[in-house]
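Notes follow once the structure below has been shown.
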Amino acid sequence: MTGSKPHVVALCGSLRSGSHTRTALQHVLDAATAAGATTDLVDLHTLDLSVFDAGSQDAGDAAELRRRVGAAEAIALGTPVYHGSYSSPLKTAIDYCGFDEFEGKTVGLLAVSGGASSYPGALSHLRMVAQSLHAWVLPHQVGIGAAGEVFDETGEFHDEYADIARRTTTLGREAVSYARIVPGETSTRPVTVSGND
Ligand SMILES: Cc1cc2nc3c(=O)[nH]c(=O)nc-3n(C[C@H](O)[C@H](O)[C@H](O)COP(=O)(O)O)c2cc1C
């Protein structure tokens with residue numbers, strides 16, 4: 001893939017029409033596109049994915065989901081905050097996937113809440129899930145509180161939320177910057193360590 005454009009895939013954990021999470025993820029992908037990536041927004045609302053049954057892992061559109069996530073070099077996981085954590089549709093989608101789709105991949109996290117600042121739990125829980133799949137999770141993450149106030153009717157950030165807009169753009173840019181990092185082997189920022197002797 002070297003020389004080709006990095007491919008960034010976003011998974012939206014809200015099925016709701018007019019989802020703020022979907023709007024925010026589109027901003028992430030727009031920033032990734034501007035940084036030179038190809039992108040794909042997987043809208044779980046459009047896929048037939050029943051509640052995960054480990055005895056029926058190829059149900060419905062599971063194969064399509066795995067194909068699209070498997071094509072990613074970086075994955076943006078976006079979730080609404082439901083009862084202090086991430087959403088069940090996103091967990092269902094992740095459970096239909098596994099190491100084949102996530103291991104060694106760069107993952108960026110975004111959570112959107114109705115309350116002003118109730119997203120840290122969702123972000124922490126998603127981080128643990130992504131790490132359990134051996135993904136390389138970006139330190140930078142985005143929490144968007146008071147979601148109903150942040151976007152205008154066209155989906156743009158209101159001016160007073162410019163800082164969140166910047167953080168969202170940074171997530172898309174970093175997904176591209178680190179899409180091809182090789183965990184454990186290389187660093188794009190070499191560190192010189194000096195000893196005491
Ligand atoms: C079942 C459910 C649980 C929710 N729990 C919380 C919560 O714990 N904290 C919070 O701030 N907002 C909570 N909300 C509000 C959502 O986080 C908020 O509406 C968010 O914008 C939904 O994302 P969406 O616009 O992408 O659908 C909850 C909403 C639902 C439907």
Problem set entry | Selection within the range 131-169 - in contact with a strand residue (DSSP E or B) (Cβ under 8 Å, 6 or more places away or on another chain) and among the hydrophobic types (A, V, I, L, M, F, W, C) | Ala135, Trp136, Val137, Leu138, Val142, Ile144, Ala147, Val150, Phe151, Phe157, Ile164, Ala165
Exercise. For the range 48-81, which residues satisfy the criterion of being surrounded by 15 or more Cβ atoms within 10 Å (Cβ to Cβ), in contact (Cβ under 8 Å) with a residue 40 or more places away in the chain and not small (Gly, Ala, Ser)?
Worked result: Leu49, Phe52, Arg68, Val69, Glu73, Ile75, Leu77, Thr79, Pro80, Val81
Exercise. Within the range 136-159, can one find any residue that is within 24 Å of Ala54 (Cβ to Cβ) and touching a helix residue (DSSP H, G or I) at 6+ places or on another chain (Cβ under 8 Å)?
Worked result: no
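Identify all residues within the range 112-126 that are without any contact (Cβ under 8 Å) to a residue 60 or more places away in the chain and of a type outside the set (Ser, Thr, Tyr); write none if there are none.
Within the range 112-126, Gly114, Gly115, Ala116, Pro120, Gly121, Ala122, Leu123, His125, Leu126 qualify.
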Exercise. Which one of the conditions (1) in contact (Cβ under 8 Å) with a residue 60 or more places away in the chain; (2) surrounded by fewer than 18 Cβ atoms within 10 Å (Cβ to Cβ) does Thr169 fail to meet, given that it meets all the rest?
Worked result: (2)
For this session: Being in a loop (DSSP other than H, G, I, E, B) and more than 16 Å from the ligand (Cβ to nearest atom) is the filter; apply it to the range 114-137 and report the residue that is surrounded by the most Cβ atoms within 10 Å (Cβ to Cβ).
Result: Ala135
Exercise. What number goes with the only condition from (1) at pLDDT 95 or above; (2) within 28 Å of Ser4 (Cβ to Cβ) that Ile164 does not pass?
Worked result: (2)
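The values are calculated or read from the model by the stated rules, or taken from the named source; none is laboratory data. Source: prediction; values computed, not measured. Because the Cβ atoms are built from the backbone with ideal geometry, glycine has one as well, and the counts that use them run over all protein chains shown.
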